[in-house]
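> Let me begin by handing over the structure; questions about it come next.
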Amino acid sequence: MNRPLSYAKAINEALRQSMELSESVVVLGQLVDYKSGIFGTTSGLFDQFGPRRVLDFPVAENLMTATAMGSALTGLRPVIVHQRLDFMIYSLDAITNWMSLWHFKSAGKSNMPVTIRAIVGKGWGQGPQHSKSLHAWFAHLPGLRVAVPATADDAKGLLMESIFSETPAIFIEGRGLFSMTANVPDKPYRVRFGKGVVRRAGSDVTLVAIGTMVPVALRAAATLEAEGIDVEVFDPRTLAPLDREGIFTSVEKTRRLVVADPAWQSFGAAAEIIASAAERFAGEFRANPRRFSLPDSHTPMSSALEKQYYAEDAVLADTIRKMM
């Protein structure tokens, strides 16, 4: 049965049901055992499963990651929760030089099924150290899977898929999505990596929207519909693997492409998606593809500057108008 559930509660339900399904699933992180949980996503887990399966950690990100890696090699399925992706960077050596290549170095004989939940902040006061969206970094690494769910139902299904797979996964969560609701099945289920979804069908422009850009893209598409511009919104859901064929199917129909990526413009996921489409459709576009991304600047702290930094749906709609 489906019922409305918020993004945060869907994550909480995915964790709880995964822990009920398998005693090998454990949750690690700073304050994961608090009653309020991490933005509500770990609430109630400590009461139900106890301190052996819900473990609070000190401010030592690399230690936490190393602990998860070791426990995964003993047969556990650890889920690490980083309240801010920015501080997950302290564990970058463990992720890059050990976790991502463990299966490769063992010639396929050993797996390290670690899931890392990385939360990206947004909002006045987050500033440059609490708001970096680095999904392109991790998608660049062979041996990792990267999810960027935009809806509550995908958040639950992709998280359960991450937990029960054999490949380490980076699970990117936009803090601004946590209160948004969708119809979510009450039973456990898994959403396959590498399979995107058309959020809105259209014929004039393909708008690939990543993570927190999905609701922005849908609002922009609704605005343009009133002007006779039919926008197809494609949500890739995961970046590694990336559903290139799903994107190509849409672009083949529209011959126009915009990629909305909630990260810095240079060397990002948007550039990779556009490059892939250009290789497939060279000379066949009706207009040059466009990136709609964040400026190549650190996030400002002030509210006024932040509003300029995070361009919203009106600016995205104008970007699309100029292609027509």
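The values are calculated or read from the model by the stated rules, or taken from the named source; none is laboratory data. Since this is a predicted model, take the numbers as computed values, not measurements. Here Cβ is always computed from backbone atoms with ideal geometry, including for glycine, and neighbour counts include all displayed protein chains. Side chains included, ligands, DNA and RNA excluded: accessible areas come from the protein's heavy atoms. Shrake-Rupley method; radii C 1.70, N 1.55, O 1.52, S 1.80 Å.
> Which one of 237, 291 is open to solvent by 70 Å² or more (accessible area, probe 1.4 Å) and touching a residue at least 12 places away in the same chain (Cβ under 8 Å)?
That would be 291, the only listed residue that is open to solvent by 70 Å² or more (accessible area, probe 1.4 Å) and touching a residue at least 12 places away in the same chain (Cβ under 8 Å).
> How many residues are farther than 12 Å from residue 239 by Cα and within 10 Å of the chain's Cα centre (by Cα) when one looks only at segment 160-180? Let's see the steps before the verdict.
Restricting attention to segment 160-180, the residues satisfying the condition of being farther than 12 Å from residue 239 by Cα are 160-168, 173-180.
Subsequent filtering for residues that are within 10 Å of the chain's Cα centre (by Cα) retains 173-174.
Total satisfying the criteria: 2.
> Quick one: residue 5 ticks every box in (1) surrounded by 19 or more Cβ atoms within 10 Å (Cβ to Cβ); (2) in contact with a Ser or Thr (Cβ under 7 Å, 6 or more places away or on another chain); (3) closer than 15 Å to residue 81 by Cβ except a single one, so which number is it?
Failed condition: (3).
> When only residues in segment 268-298 that are in contact with a Phe, Trp or Tyr (Cβ under 6 Å, 6 or more places away or on another chain) and not acidic (Asp, Glu) count, which is farthest from residue 211 (Cα to Cα)?
We begin by selecting, within segment 268-298, every residue in contact with a Phe, Trp or Tyr (Cβ under 6 Å, 6 or more places away or on another chain); these are 280, 294, 296.
The next check asks that each one be not acidic (Asp, Glu); those that pass are 280, 294.
Working: 280: 24, 294: 13 Å.
The qualifying residue farthest from residue 211 (Cα to Cα) is 280.
> In segment 206-215, what residues are open to solvent by 10 Å² or more (accessible area, probe 1.4 Å) and among the β-branched types (Val, Ile, Thr)?
Start the filter on segment 206-215 by keeping residues that are open to solvent by 10 Å² or more (accessible area, probe 1.4 Å), which leaves 212-213, 215.
Within segment 206-215, 212 is the sole residue that qualifies.
> For residues in segment 50-98 being open to solvent by 50 Å² or more (accessible area, probe 1.4 Å) and of a type in the set (S, T, N, Q), which is farthest from residue 32 (Cα to Cα)?
Only one residue fits best here, namely 97.
> Among the candidates 144, 134, 101, which residue alone is open to solvent by 40 Å² or more (accessible area, probe 1.4 Å) and aliphatic (A, V, I, L, M)?
Details: 144 fails: open to solvent by 40 Å² or more (accessible area, probe 1.4 Å); 134 fails: open to solvent by 40 Å² or more (accessible area, probe 1.4 Å).
Answer to the selection: 101.
> Could you run through segment 30-49 and say how many residues are touching a residue at least 40 places away in the same chain (Cβ under 8 Å), open to solvent by 50 Å² or more (accessible area, probe 1.4 Å) and closer than 17 Å to residue 19 by Cα?
Going through segment 30-49 one residue at a time, the tally reaches 0.
> Taking the options 306, 284, 272, name whichever one is acidic (Asp, Glu), modelled with pLDDT of 95 or more, assigned to a helix (DSSP H, G or I) and surrounded by fewer than 23 Cβ atoms within 10 Å (Cβ to Cβ).
Working: 306 fails: modelled with pLDDT of 95 or more; 284 fails: assigned to a helix (DSSP H, G or I).
Every option except 272 fails the conditions.
> Could you give me the residue pairs with C-beta distances under 9 Å whose first residue belongs to segment 243-257 and is without any contact (Cβ under 8 Å) to a residue 40 or more places away in the chain and within 18 Å of residue 323 (Cα to Cα), whose second residue is open to solvent by less than 30 Å² (accessible area, probe 1.4 Å) and among the acidic types (Asp, Glu) wherever it lies, and which are 6+ apart or on separate chains?
Correct list of pairs: empty, since none qualify.
> If you check residue 100 against the conditions, is it small (Gly, Ala, Ser), modelled with pLDDT of 95 or more and within 24 Å of residue 236 (Cβ to Cβ)? It would help to see each step written out before you state the result.
Values: small (Gly, Ala, Ser): yes; modelled with pLDDT of 95 or more: yes; within 24 Å of residue 236 (Cβ to Cβ): yes.
Yes: the conditions hold for residue 100.
> Exactly one of (1) over 19 Å from residue 38 (Cβ atoms); (2) crowded, with 24+ Cβ neighbours inside 10 Å is unmet by residue 157. Its number?
Of the numbered conditions (1) over 19 Å from residue 38 (Cβ atoms); (2) crowded, with 24+ Cβ neighbours inside 10 Å, the odd one out for residue 157 is (2).
> Just the residues that are under 23 Å from residue 151 (Cβ atoms) and open to solvent by less than 40 Å² (accessible area, probe 1.4 Å), please, taken from segment 12-24.
12, 13, 14, 15, 17, 18, 19
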